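What follows is a single structure, written as structure tokens, with notes after it.
The values are calculated or read from the model by the stated rules, or taken from the named source; none is laboratory data. For clarity, every value in this text was computed on a predicted model and none was experimentally measured. Cβ coordinates were reconstructed from backbone atoms using ideal geometry, including for glycine residues, and neighbour counts include every protein chain displayed.
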Amino acid sequence: MADVREAIATAARAVVLPAGVGKLTCSGYLPDAVTAPHFFCGEYSIEFDKGMRRSLDEVELTCRVLVGKADDAAAQRILDALLAGSGPTSLKAAIEAARGAPGEYALGGLAHDLHVTRVQGYRWYEHAGATYVGAELIIRILGEGGV
């Protein structure tokens, strides 16, 4: 899972934020501290043996995106752009671009497929003693047993 999480963080780095906002920083792990705006891969659950002989596991990965709150309205506009379903600022579009072409494995061969299924938890988050506006993205990942 470490390689899968890092590949998702790498895919998320393709997001292009509006001018003046800076660059989205990304981690494939739970960071001690963040440089906002920041995307990271968090908790996950695995359903083993969705296919015979360990041929398929299903992972539900919870990722978070946190945006600084210097200006509440501006931070929420940035977050809304990151949570859009498409476009250059869309985390969904950037992550799903790593699915590969039809017939190819996702994440450079690390998974059979992935899909950003939903956004949830749009709220204030405390992380390492600082407060951010943020949300969670849920990603469904399918792969051979051992993902």
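The table that follows gives values for the structure above.
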| quantity | calculated |
| --- | --- |
| Failed item in (1) touching a residue at least 12 places away in the same chain (Cβ under 8 Å); (2) more than 17 Å from H127 (Cα to Cα); (3) touching a helix residue (DSSP H, G or I) at 6+ places or on another chain (Cβ under 6 Å), with S86 passing the rest | (1) |
| Residue within segment 96-108 that is buried (at least 19 other Cβ atoms within 10 Å of the Cβ) and closer than 20 Å to L17 by Cα present | no |
| Residue among G51, G20 that alone is modelled with pLDDT under 95, under 20 Å from T117 (Cβ atoms), loosely packed, with under 15 Cβ neighbours inside 10 Å and not basic (K, R) | G51 |
| Among residues of segment 114-147, those that are buried (at least 17 other Cβ atoms within 10 Å of the Cβ) and either closer than 21 Å to A36 by Cβ or of a type in the set (A, V, I, L, M) (or both), counted | 15 |
| Selection within segment 54-68 - surrounded by 17 or more Cβ atoms within 10 Å (Cβ to Cβ) and closer than 21 Å to E126 by Cα | L61, C63, R64, V65, L66, V67, G68 |
| Check on A101, touching a residue at least 40 places away in the same chain (Cβ under 8 Å) and of a type in the set (G, A, S) | no |
| Residues (within 16 Å of C41 (Cβ to Cβ), assigned to a strand (DSSP E or B) and touching a helix residue (DSSP H, G or I) at 6+ places or on another chain (Cβ under 8 Å)) located in segment 95-118 | A106, A111, L114, H115, V116 |
| All positions within segment 30-48 that are polar (S, T, N, Q) and surrounded by 11 or more Cβ atoms within 10 Å (Cβ to Cβ) | T35 |
| Residue identified as outside any helix (DSSP H, G or I), in contact with a strand residue (DSSP E or B) (Cβ under 6 Å, 6 or more places away or on another chain) and charged (D, E, K, R) among K92, K69 | K69 |
